[in-house]
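Colleague: One structure, as structure tokens, below. Some questions next.
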Amino acid sequence: MSDTQTRAFCVDEDYDRANAGDGRSRYRSYLDSRSHLFVEDGEPVTDPLVFAATVFTIANSPVMSPGYVRQHPRIRAVSWCWDDDHRIGFDIHLPAPLPAPVATALRGQDWADWQRDWRSDWWWEPYDNDRPAAYTVLIVRVPLPVDILPAPVYRDGVPDLATAKTAVAVVCDQLNTHLAGILTALNQR
């Protein structure tokens, strides 16, 4: 069973190195080409939350495809948002079963639901408009504490690869901790 079958997010160092143009890291070239995302008011970003969210976003699909970070097949989207107290949270969108009252109301009717590829275990929204569709998305928001993140480091205006990878690993660990039980419960259905 692969890591993405048991964890929400995992880093794929082997693919990153094996498919790198420089023989070291494919992810590094993506950081290089997006160094403008790490500049605020003409200065490098110093906020560990902004740094971590940005390096994590770059490490995932659709920016990198395949991503430096691989996702569990049930994860449909990942985004991040701020609250009024300058705390960041990651929103993870997961296909979920219909609530029981809705499922009961639709029983016996020809409604489309989530599509699933049983070989790869990937999930998709219904794509045909030949019948009505009802499908549920569970959004899980996981806060990212600033005190567990590395301070941003740059080399010639580009995020330092080791620091970026550390931040990505910390975000993965935080998300995996909070999503493990939820994914287990959803996968039993």
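The values are calculated or read from the model by the stated rules, or taken from the named source; none is laboratory data. As the structure is a computational prediction, the values presented were derived from the model and not from experiment. Note: ideal-geometry Cβ built from the backbone for every residue, glycine included; neighbour counts use all protein chains shown.
Colleague: On the given criteria, is P150 touching a Ser or Thr at 6+ places or on another chain (Cβ under 7 Å) and closer than 26 Å to D12 by Cβ? It would help to see each step written out before you state the result.
Modeller: On the way: touching a Ser or Thr at 6+ places or on another chain (Cβ under 7 Å): yes; closer than 26 Å to D12 by Cβ: yes.
Yes: the conditions hold for P150.
Colleague: Right, next: Across the stretch 1-24, which residue is modelled with the lowest pLDDT among those that are under 14 Å from S65 (Cα atoms) and surrounded by 13 or more Cβ atoms within 10 Å (Cβ to Cβ)?
Modeller: Per the criteria, the residue is A20.
Colleague: For residues in the stretch 1-57 being touching a Leu at 6+ places or on another chain (Cβ under 8 Å) and of a type in the set (S, T, N, Q), which is nearest to Y154 (Cα to Cα)?
Modeller: Checked the stretch 1-57; the qualifying residue nearest to Y154 (Cα to Cα) is T54.
Colleague: Taking the options A185, A169, A162, A151, name whichever one is closer than 18 Å to R76 by Cα and aliphatic (A, V, I, L, M).
Modeller: Matching residue, one of A185, A169, A162, A151: A185.
Colleague: Go through the stretch 64-109 and count every residue that is assigned to a loop (DSSP other than H, G, I, E, B) and surrounded by 13 or more Cβ atoms within 10 Å (Cβ to Cβ).
Modeller: 12
Conditions (1) of a type in the set (D, E, K, R); (2) in contact with a His (Cβ under 7 Å, 6 or more places away or on another chain); (3) touching a residue at least 40 places away in the same chain (Cβ under 8 Å), marked per residue:
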{"residue": "T104", "(1), (2), (3)": "no, no, no"}
{"residue": "W114", "(1), (2), (3)": "no, no, no"}
{"residue": "W123", "(1), (2), (3)": "no, no, yes"}
{"residue": "R131", "(1), (2), (3)": "yes, no, no"}
{"residue": "Y135", "(1), (2), (3)": "no, no, yes"}
{"residue": "I148", "(1), (2), (3)": "no, no, no"}
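Colleague: So, one more: Yes or no: the stretch 175-188 includes at least one residue that is under 29 Å from L31 (Cα atoms), part of a loop (DSSP other than H, G, I, E, B), hydrophobic (A, V, I, L, M, F, W, C) and under 17 Å from the mean Cα position of the chain (by Cα).
Modeller: Checked the stretch 175-188: no residue is under 29 Å from L31 (Cα atoms), part of a loop (DSSP other than H, G, I, E, B), hydrophobic (A, V, I, L, M, F, W, C) and under 17 Å from the mean Cα position of the chain (by Cα).
Colleague: Considering only the stretch 128-153, how many residues are in contact with a strand residue (DSSP E or B) (Cβ under 6 Å, 6 or more places away or on another chain) and either assigned to a loop (DSSP other than H, G, I, E, B) or acidic (D, E) (or both)?
Modeller: Let us first name the residues in the stretch 128-153 that are in contact with a strand residue (DSSP E or B) (Cβ under 6 Å, 6 or more places away or on another chain), namely 131, 133, 136-144.
Filter again for either assigned to a loop (DSSP other than H, G, I, E, B) or acidic (D, E) (or both), leaving 131.
The total comes to 1.
Colleague: Right, another one. Within the stretch 110-132, restricting attention to residues that are surrounded by 10 or more Cβ atoms within 10 Å (Cβ to Cβ) and acidic (D, E), which residue is farthest from V171 (Cα to Cα)?
Modeller: The selected residue is D113.
Colleague: Let me confirm something: among S120, S79, which residue is closer than 30 Å to R24 by Cα and at pLDDT below 95?
Modeller: Unique residue meeting the criteria: S120.
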